[in-house]
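Quick notes on the structure that follows.
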Amino acid sequence: MSVKFVETALRDGHQSLMATRLTTDEILSVLPELDQAGYYALEVWGGATFDACLRYLNEDPWERLRKIKAQTKNTKLQMLFRGQNILGYKHYPDDIVEKFVEKSIENGIDIIRIFDALNDLRNLETSAKAIKKYHGHLQIALSYTTSPVHSIDYYVDLANQAQDMGADSLCIKDMSGILMPDVAYNLIKALKKNISIPINFHTHATSGLAPITYKRAIDAGIDMVDTALSPLSGGTSQVATEAIATLIGDESKLDFNHLENAKETLTRIKDKYIENGILNPKALTPNPKILHSQIPGGMISNLLNQLKDQKALDKYEEVLEEVPRVRKDLGYPPLVTPMSQMVGTQAIMNILAKERYKLVPDEIKAYLRGNYGKAPGHIDPEFRKSIIGDDPVLDHRPADDLKPRFDILKEKYKDIARSEEDVLSLALFEPVALKYLKGLKDDVVEFTLHTGEQS
Ligand code: CO
C-alpha cells in the first residue's frame with residue numbers, strides 16, 4: 001500500500017505543542033534533512049505560524065517562507081488557510097483573499113489546504129478560484145466533527161462538491177482527534193467509492209487512539225497522511241512519522257537516515273522549549289476523555305484560562321456540560337477556530353450569569369445573523385429570535401457584503417509597507433504587523449502556553 005507522507009512538525013506540530021514558537025533559524029536547521037527524506041510535502045506555513053512570527057518572534061512571516069523555499073529543493077511546501085478568514089478570525093474581502101493566495105504561491109507555497117469552520121463551501125469559493133488561477137495545488141479540507149447531522153453521507157456530499165469545485169485533493173481534518181478508528185475506515189471507504197481525487201487524513205494524537213485510526217485509514221485506502229516527526233509528535237500533536245512509516249514499510253518511501261538526523265536536531269530544539277516552559281509536558285499526555293466530551297484540548301485550556309480570569313474555576317465542570325448544549329442550540333458547529341472560542345465563551349457566560357443567553361457575545365449574534373456562513377444543522381427560529389430579534393438573516397455568502405480593501409490599505413500604509421506582502425500582513429494583523437514594521441520589538445513579553453487554536 002503506497003501512502004504519501006506530509007510532515008507537520010514545522011506547522012501543526014509546534015503549533016499544537018509549543019504555541020507555534022519555533023523560530024525561522026530553528027526551522028532552517030532541520031529543513032535540509034527533511035527535504036531529503038522523501039516526503040510528499042512539508043507543512044510549514046499558515047495556521048498560527050504567521051501570527052506567531054509577528055506577535056511573539058518579531059519575525060517577518062513572508063521572509064520565513066522565502067528562506068524555507070530557498071532551502072527546500074525536493075519537496076512541496078504546504079500551508080493551512082482558513083478560506084475567507086485567511087489566517088485571521090473574521091471574513092476578509094475577496095480582493096485580500098485573492099492577493100494573499102497569489103503572494104503565498106509567489107513566495108513558495110505549492111499546496112494550499114483550505115477549510116471553513118462550518119464546512120460552508122461558499123466560504124471557500126474565492127480562495128479555491130485564486131489557488132487554481134495562480135496554479136497552486138488546491139486541497140479542500142472538511143472539518144470533522146460528530147453530531148446528528150455529521151453523517152458519512154453528509155461528508156460524501158461535501159466531498160463531491162469539493163471535487164466539483166476543482167479540488168486537486170481532499171483532506172479529512174480531525175482537528176480535535178475524535179474520529180474513531182472504525183468510523184474512519186467507513187468514512188474513507190465511502191469517500192474512495194464516491195470521489196476520484198486523492199484523500200489526505202489529518203488527525204491529532206490527543207485521545208491516544210490515533211495510531212489505530214491511522215491504521216484503519218490506511219486499510220481503507222487513504223492516499224496521504226499527516227504525521228509529525230517524533231520529537232514534536234504525540235499528545236495534542238500528530239502521530240510520529242517514523243512509527244507510521246515503519247507500519248507501512250518500504251512503500252512509505254521515507255529515508256530513515258534522514259529522519260534520524262532531523263530527529264536529533266529537533267530533539268535538541270524541543271529540549272530547550274521544555275526547559276524554558278513553553279512546551280508543557282502535559283500537552284504530551286493522552287487525554288482519552290476527549291472521546292466523550294468532544295472538546296478539543298486547546299479549547300479546554302482556553303476555558304480554564306477564562307475561568308481563572310473570572311475567579312470561577314469551581315464552575316469548570318458545569319461549563320464543560322454546557323458546551324454541548326450551546327453547540328446544539330447553534331446547529332452543531334464543529335469546534336474549530338473561531339467557533340471553538342465562541343461556543344466556549346457562550347458556555348461560560350451561560351453558567352456565570354446563572355441564566356442561559358442573558359449575555360451573548362457580538363460574535364454569536366453575528367453567527368446567528370449568518371455572518372459566518374450557514375450552520376451545519378437546524379437552529380430553532382424562536383431561539384434565534386430571542387437573541388437577534390427581527391434582524392435579517394443572511395441568505396448569501398457573507399463576503400458578498402464586503403467591499404474591496406487592499407488598495408485602501410496599500411494607500412494608508414504607503415510609508416511603512418515595503419511590499420504588497422507587508423500590506424497583507426497589515427490587512428490580517430494590523431496592530432501587531434504595524435508594531436513589527438515600525439521596528440518596535442515587544443518590550444512586554446507575552447507568555448501564552450497555548451494559543452487555543454484548533455487546526
Ligand atoms: Co491539526
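The values are calculated or read from the model by the stated rules, or taken from the named source; none is laboratory data. Remember, predicted model here, so these are calculated numbers, not experimental data. Don't worry about glycine lacking a Cβ; one is built from the backbone with ideal geometry, like all the others, and counts go over all protein chains shown.
Before we move on, is Glu260 surrounded by fewer than 19 Cβ atoms within 10 Å (Cβ to Cβ), more than 16 Å from the ligand (Cβ to nearest atom), part of a helix (DSSP H, G or I) and in contact (Cβ under 8 Å) with a residue 60 or more places away in the chain?
Here the answer is no, as Glu260 does not meet what is asked.
What are the residues in the range 406-430 that are more than 25 Å from the chain's Cα centre (by Cα) and buried (at least 16 other Cβ atoms within 10 Å of the Cβ), if any?
Leu409, Lys410, Tyr413, Ala417
Count, please, the residues in the range 335-379 that happen to be surrounded by fewer than 19 Cβ atoms within 10 Å (Cβ to Cβ) and touching a Ser or Thr at 6+ places or on another chain (Cβ under 6 Å).
1
Could you grab the pairs with beta carbons closer than 7 Å, sequence gap of 6+ or different chains, first residue in the range 42-54 and within 14 Å of Gln238 (Cβ to Cβ), second one among the polar types (S, T, N, Q)?
Every condition considered, the pairs that remain are Leu42/Thr72; Leu42/Thr75; Leu42/Gln78; Glu43/Thr8; Glu43/Gln78; Gly47/Gln15; Gly47/Ser455.
Looking at the range 200-232 only, could you name the residues that are on the phi > 0 side of the Ramachandran plot and touching a helix residue (DSSP H, G or I) at 6+ places or on another chain (Cβ under 6 Å)?
Gly221
Does Pro93 qualify as being under 19 Å from Ala427 (Cα atoms), surrounded by fewer than 23 Cβ atoms within 10 Å (Cβ to Cβ) and not polar (S, T, N, Q)?
Here the answer is yes, as Pro93 does meet what is asked.
Out of everything in the range 21-44 that is in a loop (DSSP other than H, G, I, E, B) and touching an Asp or Glu at 6+ places or on another chain (Cβ under 8 Å), what residue ends up being nearest to the ligand (Cβ to nearest atom)?
Checked the range 21-44; the qualifying residue nearest to the ligand (Cβ to nearest atom) is Tyr39.
Which of the residues that make up the range 69-98 are closer than 23 Å to His202 by Cα, among the aliphatic types (A, V, I, L, M) and away from the ligand (no atom under 16 Å from the Cβ)?
Of everything in the range 69-98, those that are closer than 23 Å to His202 by Cα, among the aliphatic types (A, V, I, L, M) and away from the ligand (no atom under 16 Å from the Cβ) turn out to be Leu77, Ile86.
Scanning the range 1-20 for residues that are away from the ligand (no atom under 15 Å from the Cβ) and part of a loop (DSSP other than H, G, I, E, B), which turns out modelled with the lowest pLDDT?
So, considering only residues that are away from the ligand (no atom under 15 Å from the Cβ) and part of a loop (DSSP other than H, G, I, E, B), the one modelled with the lowest pLDDT is Met1.
Exactly one condition in (1) out of contact with any helix residue (DSSP H, G or I) (no Cβ under 8 Å at 6 or more places or on another chain); (2) surrounded by fewer than 19 Cβ atoms within 10 Å (Cβ to Cβ) is false for Ile197; which is it?
(1)
Could you list, in sequence order, the residues of the range 376-420 that are part of a helix (DSSP H, G or I), among the basic types (Lys, Arg) and closer than 30 Å to Thr145 by Cα?
Arg384, Lys385
Run Ala312 past the list (1) within 16 Å of the ligand (Cβ to nearest atom); (2) assigned by TED's automatic domain parsing to the domain that holds Ala353 and report the number of the one that doesn't hold.
Only one criterion is unmet by Ala312, namely (1).
Could you go through the range 304-324 and let me know if any residue there is within 22 Å of the chain's Cα centre (by Cα) and small (Gly, Ala, Ser).
So far as the range 304-324 goes, no, none of its residues is within 22 Å of the chain's Cα centre (by Cα) and small (Gly, Ala, Ser).
Of (1) within 26 Å of Asp174 (Cα to Cα); (2) without any contact (Cβ under 8 Å) to a residue 60 or more places away in the chain, Asp110 satisfies all except one. Which?
(2)
Considering (1) surrounded by fewer than 16 Cβ atoms within 10 Å (Cβ to Cβ); (2) within 24 Å of Arg122 (Cβ to Cβ); (3) free of Cβ contacts under 8 Å to residues at least 40 places away in the same chain, say which one Lys403 fails and leave the rest.
(3)
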